[in-house]
Amino acid sequence: MRSIRLQFEVKLLLALGAILLGALFLGSGNLSFAEAKAKAYADRSLFSAGQLSKLEKFQARFTEVAFPPCQASTGIVPGNFTVIIEVGLDGRVARSWRQGDSDFVVCFQQIMTENFFFISMGQPFFTLFEYSIGS
């Protein structure tokens, strides 16, 4: 009888743990642009200096590849825009946000979402691309 009760208690604890993890995961699903941006700035502190340098170099190269097709398809590069991405544990983009609704920004966000791949420190993180002219 004691064995059956122990099995029930273990299953109950596992079920409650799964519910809590699910609530945490689903509760973070609807971040606003401002919340995602704050997470991106905060996550920079999680990187070592070497990791941050590697990420910044990768982002610069990625931008050099992503800008030309968007500029060719839209004819312009807007003066200011921001795209934020959440990179999952597997290095792929899990979610993205943008500030700016021009066709160029939509194109850039789409290229980032489909092609950005960066494994950093073994955990998900937020990062952003801020582009501005003359400021």
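We did not get these values from a lab; they are worked out from the coordinates using the rules stated. Not measured: the values here are computed from a predicted model. Cβ: placed from backbone, ideal geometry, glycine included. Neighbour counts: every protein chain shown.
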Ranked output for segments 103-113, 75-85 by mean other Cβ atoms within 10 Å, highest leading, reads 103-113, 75-85
Protection proxy (average C-beta count within 10 Å per residue), highest first, orders 50-61, 35-46 as 35-46, 50-61
Once Rh is set to the Kirkwood radius over Cα pairs, what Stokes-Einstein translational diffusion coefficient, in µm²/s, holds for the range 31-132 at a temperature of 37 °C and a viscosity of 0.692 mPa s? 238 µm²/s
Assuming R0 = 22 Å, can you tell me the calculated FRET efficiency for the pair ARG95 and ALA34, based on Cβ-Cβ distance, to the nearest 0.05? 0.90
Within 13 Å, Cβ to Cβ, of VAL83, how many net charges do the neighbouring residues add up to if Lys/Arg are +1 and Asp/Glu are -1? -1
Listed with the fewest Cβ neighbours within 10 Å leading, SER32, SER96 appear as SER32, SER96
Straight distance only, please: which aspartates and glutamates reach the Cα of LYS37 with their own Cα at less than 12 Å, same-chain residues fewer than 8 apart left out? GLU86, GLU130
